[in-house]
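FYI, it's all coordinate maths here, none of it is from the lab. From a predicted model like this one, the values you see are computed outputs, not experimental measurements. Cβ atoms come from the backbone with ideal geometry, glycine included; neighbour counts cover every protein chain shown.
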Protein chains: 2
Amino acid sequence: MTGLREYLDGPHKAARDVVREGLAAHTELLDAGLRLPRDEYRDEVLALLREMSAEAARGFPKEYGGQGDLGGFLAGFETLAFGDLSLMVKAGVQFGLFAGAILHLGTTRHHEAYLADAVEGRLLGCFAMTETGHGSNVQALGTTATYDPATGEFVVHTPTPAARKDYIGNAARHGRMAAVFAQLVVGGESHGVHCLLVPIRDEDGEPLPGVTLTDCGPKLGLNGVDNGRIVFDQVRVPREALLDRYAQVDADGNYQSDIENPDRRFFTMLGTLVQGRVSVGGAAINASKVALAIAIRYADGRRQFGAPGSAEETLLLDYRMHQRRLLPLLARTYALHFAQADLVAEFVRIFGGDAEAGDHDRRALEAQAAGTKAVGTWHATETIQQCREACGGAGYLAENRLAALKSDTDVFTTFEGDNTVLLQLVAKGLLTGYRESFGKLDPLGTARFIAAQAVEIAVEKTALRTMVERLRDAVPNRADVTDPDAGLRDDAYHAGLLRFREEHMLAGVARRLKGGIDAGDEPFEVFNRCQDHVIAAGRAHVDRVVLEAFQTAVQAAPAGAVRDRLKELYDLHALATIEADRAWYLEHGRLSGPRSKAITALVNELCGQVRPHAVALTEAFGVPGAAVEVPMVVPSQHE
Amino acid sequence: MTGLREYLDGPHKAARDVVREGLAAHTELLDAGLRLPRDEYRDEVLALLREMSAEAARGFPKEYGGQGDLGGFLAGFETLAFGDLSLMVKAGVQFGLFAGAILHLGTTRHHEAYLADAVEGRLLGCFAMTETGHGSNVQALGTTATYDPATGEFVVHTPTPAARKDYIGNAARHGRMAAVFAQLVVGGESHGVHCLLVPIRDEDGEPLPGVTLTDCGPKLGLNGVDNGRIVFDQVRVPREALLDRYAQVDADGNYQSDIENPDRRFFTMLGTLVQGRVSVGGAAINASKVALAIAIRYADGRRQFGAPGSAEETLLLDYRMHQRRLLPLLARTYALHFAQADLVAEFVRIFGGDAEAGDHDRRALEAQAAGTKAVGTWHATETIQQCREACGGAGYLAENRLAALKSDTDVFTTFEGDNTVLLQLVAKGLLTGYRESFGKLDPLGTARFIAAQAVEIAVEKTALRTMVERLRDAVPNRADVTDPDAGLRDDAYHAGLLRFREEHMLAGVARRLKGGIDAGDEPFEVFNRCQDHVIAAGRAHVDRVVLEAFQTAVQAAPAGAVRDRLKELYDLHALATIEADRAWYLEHGRLSGPRSKAITALVNELCGQVRPHAVALTEAFGVPGAAVEVPMVVPSQHE
């Protein structure tokens, strides 16, 4: 379909194409995980990482080997998901996390000493945050970095087995240095989690004294990445090892930070994680494209059963059920593609400019990244699973690549932030915003709320009542029984439903939280009682944002075939989303039974409309050929 | 919980315990797939298969090395899923499929020649049904077996690439003989698919002349099973190679069968597959138990976040969302356990007795097996996925075993019959039953309907009207708005809702099919338009059967703690099932909005009630220790 791929590629087409060419030139990596023993696979991934580092480093400042092109960097990175995902994840560890920590948390001293080497793949590093006992709750990490004024050094230590650094990429084999997150103790006082650069291996690859490195061993997937464990036994590093952009320790052991509030300081530092979340979400969406390109081509060639007496069996993709399984997921992949493009643009606006972005903008971006990551990665898990099943036994064979896609992407739902925790973050941000609009703002309390999962949120009753009334006016017509089909393909109708749902859920959560607190219940218990409601509200918000991103993309698309196809896909996505949550709309009087059934019928009809274009719609993703030309879709195999 | 494990083990406790002991004695197999190269792993699985063959063969007649205990055989087989799943699948191929084909499709001649060797693991065999071009549609297989009266032989041949036998267990390395499904051609006339025994390797393991064997290579999981491909080039076997229980060819080339109708003959022969489906469903349910035992123990020991200011973080399993993710799946696992026990009992009744069961009973059993297999295997995929995510990064490491459970069980949803095809089979059986009750029965047409996915089903309008009226009386009270909580834990209420749904959906499908046919539309098109509806109706039926199995099991349980715990789990299962389909009940006026919300609240409350017993409820499964005592749940790792 002329023009569709260009439209999807958007402003960073060049960066995407460079990565596509790189992947096309190295198709040997696609089956390296099957051909090679684990350590050799890891080494081959490393060799390619170094070869492609010039492109991957695109996002770094020019003075340190980069091109200062943040948007191209992110677009190129997510395009890596069209190839072997170990390479993508290893690049994420090296360039996104390790070099990113140096760039964002360090100062000129660190940039000059390490950045060029990190960006060009000479200095391989780890991002040593997660511990055996602490994943999502980073504030509770056990590793300590204690300042010793006698020597002017920090002593990095693992005080308990639970404080062991775990699942750390590059730790088992290749990493020479680690960005270590630890409780900073200065003058006997703990200042919370900070990041220090700690050498872990010498030039020969041997662990340095006091550093114990072990291999996490085989994993479900991503076996080209050398995840390992790090234990520190009183390891000494100079004072300058502290990445000191947001907090400094002077030679005499005086701690200083421009951000006075410890929670706010912590979350500012953690904000560097946002790039990782943007990247993982994008990679997940792109991995879904690969799986759909494979499964839809297979379904467009494979025949099974058919009309009795007919000479030929029926193509799988002509079955209603097969369309139902794959095409709404294709539509949602498009929706998420556009939502991700919006996120990248916003990321570039916030982090790519010269001016430091304000707290509010950064928080909003963090929530958007968290939400897109959660929904995008769950989408990948669901989509690749459906694709595997839709290809039957053939889909189970490694040679057809769905196995690797499934296994490699599976961890995306829990790394760079567990999805349920991320959706809580989204919802809490919204509740805070809610409160900012309607109640009295207490900045300290707000930060504490987000930080510690506290639930002292309180929406004034009057504000709540205003909100509910405003909602009542905004919702679509309830008298839909008279004509169940009316307006079902109307953008404003879809957006209205999703907005109503989001706002109603948030108001409901706020009311439950306030009610519990008012009744004197223990805040954590109050929160926990409606945790599922909180997470559902976060999800409702993301669904609405994704829907609107797709709407905007359709409106901005070139008139003609491109826009027509996108509008069809958009309608399918919108109605399938409403259909999936129709229980909620029915419960809340926003859909009648007949209208709900009409939506299901229309989803079926739209599947049929999209079907003739399905293969072309996957071709527009521009996945390099070798990644999708698997044995089961080579036509000669089936004749 | 005293007595619960015994109650779950039921009448075949001894057979289960023998397999448990065997697995406990061979824990080295649990990580063989990680330790060993693929071929060595396969050989280790084979060695254990032979060692355990005495038990696995329990279900065969005594004169051929078995014990004639069909129920114990099936219970023991599903217990194998507590260990390495490659061993379970390889046992299924060897004993269930290969030896099963000889037993069920062959006659005394075949039994005497091969059965003892097959049952004792000396003669390793394949079940060569699936082809590259044909999986579910077995009737369309391309392989031919042509009788040559000049030599008194059958010539087995692969005429096209699509007719290559594919994904065949035991074919890549160990199999010496294959039960080959082929179009039987006698005197120039094709008589449809029959099964023949064809030697494929000599004593040294070399392929025999005319037989080309290749390896399917690495798979997503089950890499201890040597799946391969078989191509036959005019391979000659004696006339006696035909498994001739249901059809015979004499030396002169006269074909004879007591079952005149070719479709009925075909489906009678295919009925031998029912044991495979019973087994896979049971294995999937047991694999779910292992995953839940791991994830629930992990969640009962792992702490993360918690109330601000409290000394200790909160156990994962005390979070509402974590309970929501795992405990309804625990409840459904119990439900499926009891449904599976019922299925095994019915299987023993039909196949274990001396008398040949009637067509009607066999068809009903086939539908029950197909439905339980579909729902049980999808349940396993969903459950193991949730368990993996609930264990975060730790769940992704191979050492914690969820990775293998996920990868190994994944193919269950599509092998031994693709789940969507199986649910269609269920629904079609019900539509036939429907028609038998209400309309005029045409046996030939009925067989054709099931056979060829034809849709000439027609329910008399009057019969339909009667049905609808009968339903109206049976459904629960619609005036539930006045007291949304009333009777929510009442068994009869749950069963009434599920029955109403099932019958309403079947009636709806029947009406749509009839309407389309009456309007003169092409039958296949009519069927395809409501394929999703057909499959949903099949699912609704299975859900109801599973629910009622759990009800019966609770009623029959020992009074006291066992029954109390089961009743709680049952309520959770029943209400979570209704909640999952509440959109449908709302659409059809069977739930009011307030009552629907009350159900969601009650599911949450029941999760809290089950939570204190959750670990004990997984211990009652009796999974051998090594399978669940993975590093992440050893407490010392976390302190």
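For B:Ala150 and B:Arg511 in the same chain, what is the full-extension length gain: residue separation times 0.36 nm, less their Cα-Cα distance, in nm?
Values: separation 361, 0.36 × 361 = 129.96 nm, distance 5.49 nm.
Residue separation times 0.36 nm, minus the Cα-Cα distance, leaves 124.5 nm.
Compute the distance from the alpha-carbon center of segment A:501-562 to that of segment A:122-150, in whole Å.
33 Å
Using 1/(1 + (r/R0)^6) with R0 = 22 angstrom and r between the beta carbons of B:Leu34 and A:Thr212, what's the FRET efficiency to the nearest 0.05?
On the way: r = 22 Å, r/R0 = 1.02.
Working from the Cβ atoms, E equals 0.50.
Taking +1 at the Cβ of each Lys and Arg and -1 at the Cβ of each Asp and Glu, which of A:Ala295, A:Ala495, A:His322 sits farthest along the dipole of segment A:273-619 towards its positive end, judged by Cα position relative to the Cα centre?
Most positive-ward Cα: A:His322.
What is the average number of partner chain Cβ atoms found within 10 Å of a Cβ in B:592-599? Could you put the intermediate results ahead of the total?
On the way: counts 2, 6, 1, 1, 5, 3, 0, 0.
Neighbouring Cβ atoms belonging to other protein chains average 2 per residue here.
Just want the answer: with Cβ charges of +1 for Lys and Arg and -1 for Asp and Glu, which residue in A:Ala32, A:Gln424, A:Leu85 is farthest toward the dipole's positive end in chain A?
A:Gln424
Using the alpha carbon gyration tensor of segment B:291-382, what are the three equivalent-ellipsoid semi-axes (square root of 5 times each eigenvalue), largest first, in whole Å? Please report the intermediate quantities before stating the final value.
Details: eigenvalues 387, 23, 12 Å².
Sorted largest first and rounded, they come to 44, 11, 8 Å.
For segment B:89-158, which trypsin sites (Lys or Arg not before Pro) are in a loop by DSSP, counting at most 16 other Cβ atoms within 10 Å? Please report the intermediate quantities before stating the final value.
On the way: sites: B:Lys90, B:Arg109, B:Arg122; in loops: B:Arg122.
Loop-located and lightly packed - B:Arg122.
Run through the other copies and list how far each one's label point is from that of B:Ala519, in nm with one decimal, shortest first; the point sits 7 Å from Cα along Cα-Cβ.
5.2
What percent does the relative contact order of chain A come to when contacts are Cα pairs within less than 8 Å and at least six residues apart?
Details: 1072 pairs, mean separation 89.8, N = 639.
It comes to 14 percent, rounded to a whole number.
Shortest first and in nm to one decimal, what separations exist between B:Asp564 and its copies in the other chains, measuring from label points 7 Å along the Cα-to-beta-carbon line?
6.9
To one decimal place, what orientation-averaged projected area in nm² is obtained for the convex hull of the Cα set of the protein assembly as shown? Could the numbers behind the result be given before it?
Working: hull surface 189.2 nm².
Dividing the Cα hull surface by four gives the mean projection, 47.3 nm².
Enter the mean number of other protein chain beta carbons within 10 Å of the beta carbon of each residue in B:394-407, as an integer. Walk me through the numbers before you get to the answer.
Numbers: counts 6, 4, 12, 9, 6, 4, 2, 0, 2, 7, 2, 0, 4, 7.
For peptide B:394-407, the averaged partner shielding equals 5.
Once you keep just the Cα pairs under 8 angstrom separated by 6 or more residues, what percentage relative contact order results for segment A:4-119? Mind dumping the intermediate values first?
On the way: 118 pairs, mean separation 30.9, N = 116.
Once divided by the residue count of segment A:4-119, the mean separation gives 27 percent.
Work out the count of Lys pairs in chain A where the Cα-Cα distance is under 13 Å, with the pair 8 or more places apart or on different chains. Provide the component values of the computation, followed by the final result.
Numbers: A:Lys219/A:Lys406; A:Lys289/A:Lys406; A:Lys440/A:Lys461; A:Lys461/A:Lys514.
So the count works out to 4.
First obtain the Kirkwood hydrodynamic radius of segment A:273-619 from its Cα pairs, then insert it into the Stokes-Einstein equation at 4 °C and 1.567 mPa s, and state the resulting D in µm² per second as a whole number. The partial results should precede the final answer.
Working: Rh = 21.6 Å.
Here the translational diffusion coefficient equals 60 µm²/s.
How big is the Cα convex hull of chain B in projection, averaged over all directions, in nm²? All intermediate terms of the calculation are to be shown ahead of the outcome.
Values: hull surface 121.6 nm².
Average projection, Cα convex hull of chain B: 30.4 nm².
Loop only by DSSP, 13 or fewer other Cβ within 10 Å of the Cβ. Give me the chymotrypsin sites (Phe, Trp or Tyr not before Pro) in segment A:11-101 that pass, ordered by residue number. Each step should come with its number before you reach the end.
Values: sites: A:Tyr41, A:Tyr64, A:Phe73, A:Phe77, A:Phe82, A:Phe95, A:Phe98; in loops: none.
Those that pass, being in a loop and sparsely packed, number zero.
For a quick check: sort A:Ser288, B:Ser136, B:Ser310 by the number of other beta carbons within 10 angstrom, fewest at the front.
On the way: A:Ser288 30, B:Ser136 18, B:Ser310 10.
Lowest count first: B:Ser310, B:Ser136, A:Ser288.
I need the fraction of alpha carbon pairs in segment A:133-220 separated by more than 17 Å, rounded to a whole percent. If you can, show how the numbers build up before the last one.
Values: 1994 of 3828 pairs.
Roughly 52 percent, once rounded to a whole number.
When the Kirkwood radius is taken over all Cα pairs of segment B:4-119, what Stokes-Einstein diffusion coefficient follows at 20 °C and 1.002 mPa s, in µm²/s?
Working: Rh = 14.7 Å.
Here the translational diffusion coefficient equals 146 µm²/s.
Hey, what do the phi angles of segment A:594-609 turn into as Karplus ³J(HN,Hα) couplings, whole Hz, using 6.51/-1.76/1.60 and θ = phi - 60°, x for Gly and Pro?
x, 5, 4, 5, 5, 5, 4, 4, 6, 4, 4, 5, 5, 4, x, 5
Just counting partner chain Cβ atoms within 10 Å, what average do the residues of peptide A:156-167 show around their Cβ? Don't skip to the end; give the middle numbers.
Working: counts 0, 0, 0, 0, 2, 4, 6, 0, 1, 0, 4, 5.
Averaged over the peptide's residues, the number is 2.
Find how much the distance from A:Glu605 to A:Ala556 grows on full extension, using 0.36 nm per residue of separation minus their present alpha carbon separation; answer in nm with one decimal.
Values: separation 49, 0.36 × 49 = 17.64 nm, distance 2.52 nm.
Here the answer is 15.1 nm.
Taking K and R as +1 and D and E as -1, what net charge do the other residues with C-beta under 13 Å from the C-beta of A:Thr79 add up to?
0
Can you work out the FRET efficiency for the pair B:Ala364 and B:Arg236, with r the C-beta to C-beta distance and R0 = 35 Å, to the nearest 0.05?
Working: r = 41 Å, r/R0 = 1.17.
For R0 = 35 Å, the calculated efficiency reads 0.30.
With the Cα gyration tensor of segment A:262-313 in hand, convert its eigenvalues to equivalent ellipsoid semi-axes via √(5λ) and list them largest first in whole Å. Write out the running numbers ahead of the final one.
Values: eigenvalues 512, 17, 3 Å².
Rounded to whole Å, the semi-axes are 51, 9, 4.
Suppose only helical runs count, i.e. DSSP H with n ≥ 4. What mean residue ellipticity at 222 nm does that imply for chain B under -39500 (n - 2.57) per run, divided by all residues and rounded to the nearest 500 deg cm²/dmol? Working shown, then result.
On the way: 26 runs with 340 residues, N = 639.
Helix contribution divided over all residues of chain B: -17000 deg cm²/dmol.
Output, in nm with one decimal and in ascending order, the distances from the B:Glu346 label point to the matching label points of the other copies (7 Å from Cα along Cα-to-Cβ).
5.2
So if I place +1 on the C-beta of Lys and Arg and -1 on the C-beta of Asp and Glu, and nothing else carries charge, what would the dipole magnitude of the protein assembly as shown be about its Cα centre? I want it in debye, nearest 20. Kindly include the intermediate steps, with their values, before the conclusion.
Details: 134 positive and 172 negative charges, 557 e Å.
Result for the protein assembly as shown is approximately 2680 debye, rounded to the nearest 20.
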